[in-house]
Every structure is written in C-alpha cells, then in structure tokens.
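Following: one structure in structure tokens, then a few remarks.
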Amino acid sequence: MGKLFWKFFFAFWLSLLTAGVGVGTAVWLHNEALRDRDEPVVNLHRYTAPFVGAAATTLRHGGVSALRALLLEQRAEPAPSVYAVNPDDEDILGRDLPAELVAQARQIARDGSHPLEVRQIAADDGRTYLLFVPAGEAPLTPFRGEAFHRPPRLVARSPVLPITSGIIASLLFSAWLAWYLAKPIRTLRAAFEGLAKGKLDTRVSHLMGRRRDELSDLGTDFDHMAVQVGSLVDAQRRLLHDVSHELRSPLSRLQAAIGLARQQPDKMETTLARVERESERLNDLVGELLALSRLEAGVPVAKDEEFDLGELLAEIVDDARFEAKAKGVWVSFEPSGEILFRGQVELIHRALENVVRNAVQHTRAGGTVEVQLTSKGGWLNLLVCDEGPGVPPAELAKIFVPFFRGESHQTGDGVGLGLAIARLAVESHDGSIAARNHGKGGLEVSIRLPLQDQR
C-alpha cells in the first residue's frame, strides 16, 4: 500500500470516528436530559394500587402500629415496598426518602389524578400519612389469575458491542474508500513508469473499470498522450531515417565525382560542376531541415510585422515565372490590390514559394500554373492549380508529411520537405492548407489564413 492509501484511510476513518462520537454524545446527553426531566419518581402503575389500598385500610382501622407491622412483614415478601410518610416527611420505618420523591407524591395526592396509587390517610394519632410506592419498585403483573409475580428486570446493554461494531464498520468503509481512490492513481503511476522506460504501447483506460469520474478521464487523457508521444517518436524515427537516406545519396555522388576526377583529370570541369551541384543540393537540404526543425519546435524565426501579402505573392510569382520559363510553363496571376497581413514574413514567404514552385515543378511542359488570391469574410484564400499528373487519392493526405514523395513525384529534384514546411508555416499562423485533384487532372492546393487576427 502506498502513502496515498494510508492518508486517505486515516483521514476517512478519523472523520467517521469523530462524527460518530459527536453524534453519539449529543444523543446521550439529549436522552439524559429528557429522562431527568420527564421520568417520574413515584410508581403509578395500576398493580401497585392493591398494596397501597391494603396499607391504607390497615392504617385506617388498625392504626400506625398495625401499618408498621404490615410493612415490616411485606419487606420479607416479593412485593413492592409501600412507604408511609408523616407530615414531617419521615417514613414510619425510618427509611431514607429523597425530598423530590415526597414532594412529587404530595403533588399527585393533591391533584387527585391517581387516587388508588397515592393516598393520604388520617391515622389514630391525629396525623395524616401519605402512602405510595417509589418508582424504583417494579410493578407486579398477574400470572394465571392466581398470584402476582415480579416481571424480569431489564438489564442495561453494554456499550462495548455497538462501539466495537461501529469501529469495525468504519475501518472497513475507510479501507474500501481509500483503496477505491488510490487504485487508479497507482495504475497511472505504473503506466507513467512504463512510458518513461520506452513502452509506448502502454494504455490504462481499460484498467479503470466502470468508474466515470475525473480519474477515469485522466486515464483517457493518458492514453491520448501515449498515442501522441508514440506518433511523435515514430515520426522522429522516420525523419531520421529519411534524412540519412537523403544525405547518403548526394554524398555518394560526391565521392563518385571525386574518384572520377582522380581517374580522369581531363574531365575536371565536368566533375567540378557535378560536385558544385551536389553541394548545392546538400546545402538546400540542410536549410530545409533547419527550417522544418524550427517550425516543429515552435521557434519563431522573425518578429510579427504587418506587410502587403499581395505584393509578396507577386514577387514570388515573378521569381517562379523566371524558373518556369525554361520548361515552357506559364504562371498566371492577377494582382488583387493591397492585402495587409500581420505575421512572420519569412515563414509566409517560404510557405507560398514552396507551394508555387512545387506546382511549377510538376506541371507538364507548355502547361499553366494558376495562382488566385482573394479575401472574404476575414479570411485570405490562396489557390494554386497546376497541370501535372495529379496525386493518387490515397496519397493526398501524405504529401504534407516530411520526405514523402509519391509514385508520380519520384522524378522531381526536391527532397519532399517543401509542402511539409508550408503546412507548418501556415498552421503557425492559425491557418489551414489542403490539396485535391481538380477536373483538369492536376493538383490544387488551397491555403486559408485569418485576416481578423492582427495580433
């Protein structure tokens, strides 16, 4: 059992004990107050009337001495003790009587509410005697119509049994409640330890049982986190594999060019051109990787500033037209006037440039790349349509993944990072990017950026 279990256990147990003791004490004090206030000290049971009547008759006809002899004789028999009190509140047998008992008996005699159980009789000595039975004397009950017997005394129950039962019940309940609350926490702790050791397939929601509370929600959140961590780790592994593959190809070609230069010194110019081309390729790859890593880490590359996005796109289109001219491709774009946008210029420039250059690269010779920029309802919409082979539907969702190049894009010169960088750059500005095949067979990439957030 962990520390949390014992904390829960003792907290609940002490709370239950404190509440039980408090309630029990209050009930006991209340009952004692009621008993002290309401319990009579004079026995008014109807079965005491014959004994009080016999004493009254004896006193009336035999006098005080005869009554004294009767009461002495009754003390040796199983009968309630009748008290005879003179005007000085003294019993004729000299028995001690509480003043409260005598006062209550005289009050009952004056009220006349129980004339058979409490009587006042004038004796031969000229004094009036009060006859009654104290409440401590148990009444007699008839048995078979022939004799009178004392009922069994009620024996007070010991408080040990209910106290022990309450302690055991509180122990069991506190232990169950502490276990119920601590068990999912122990399960989560074990899951975190497993995840820290690299067990990325660890899941805990199925171990939470049927409970529906914050702890079960925490288990569901843990599973979601584990899935995300697993996806990120797998993505990093794939990225490392792809990077090593992409770096190995130009490095191999560089080594081959160096070997060729040593074997054929007369072709040095051709070899150097090859080395320069592969070096540029490596430089571009490293730059793309740095940009991708900064975007994935959320590191800003520049401060937010307000700029004309329409003018920025026009510059990108002019550069793309220069590159596309060698392929006989035309880039169509109609400027739409000034569109002010606040964001990171470098990221937006890289995103738009990568999308436009990707369209130019995959458009057939003599084809056209259409670029449209509009703003409506607080959103900026950019559409880039090429006249290339398009992308198979199964690959549309993957073209924004780093280093992904589908079957129709294997012949390109890129490394598969342009659209991935564009996606991260757009999403960092709370925008979205998507791709679909349009009716002419080419690919259409759409970008939406919010204009109302001027941060």
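For residue 204, the residues 5 or more places off, or on other chains, whose built amide H falls under 5 Å of its own are 223. Between residue 330 and residue 233, the C-beta separation translates, for a Förster distance of 51 Å, into a calculated FRET efficiency of about 0.70.
Amide hydrogen proximity for residue 417: with H placed 1.01 Å from N in the peptide plane, the residues at 5 or more positions away or on another chain lying under 5 Å are 403. Remark: region 388-394, residue by residue, has Karplus-estimated 3J(HN,Hα) of x, x, x, 10, x, x, 5 Hz, where x stands for each Gly or Pro and the curve is 6.51 cos²θ - 1.76 cosθ + 1.60 at θ = phi - 60°. The simple Förster model, with R0 at 22 Å and r as the Cβ-Cβ distance, assigns residue 61 and residue 128 a FRET efficiency of 0.90.
When the chain is fully extended, how far beyond the present Cα-Cα distance does residue 46 get from residue 364, taking 0.36 nm per residue of separation?
Length gained, residue 46 through residue 364: 102.3 nm.
In terms of the mean number of neighbouring beta-carbon atoms within 10 Å, the peptides 93-101, 392-400, 422-430 order highest first as 422-430, 392-400, 93-101. What part of the accessible area of region 48-88, given as a whole %, is carbon or sulfur when the probe is 1.4 angstrom? In region 48-88, the share of accessible area belonging to carbon and sulfur is 53 percent.
Taking every protein chain into account, the accessible area of region 254-398 amounts to 57 square angstrom per residue (probe 1.4 Å).
The values are calculated or read from the model by the stated rules, or taken from the named source; none is laboratory data. Everything numeric in this text was worked out from a predicted model, so none of it was measured. Here Cβ is always computed from backbone atoms with ideal geometry, including for glycine, and neighbour counts include all displayed protein chains. Areas reflect the complete protein model, heavy atoms only, side chains present, ligands, DNA and RNA absent. Shrake-Rupley method; radii C 1.70, N 1.55, O 1.52, S 1.80 Å.
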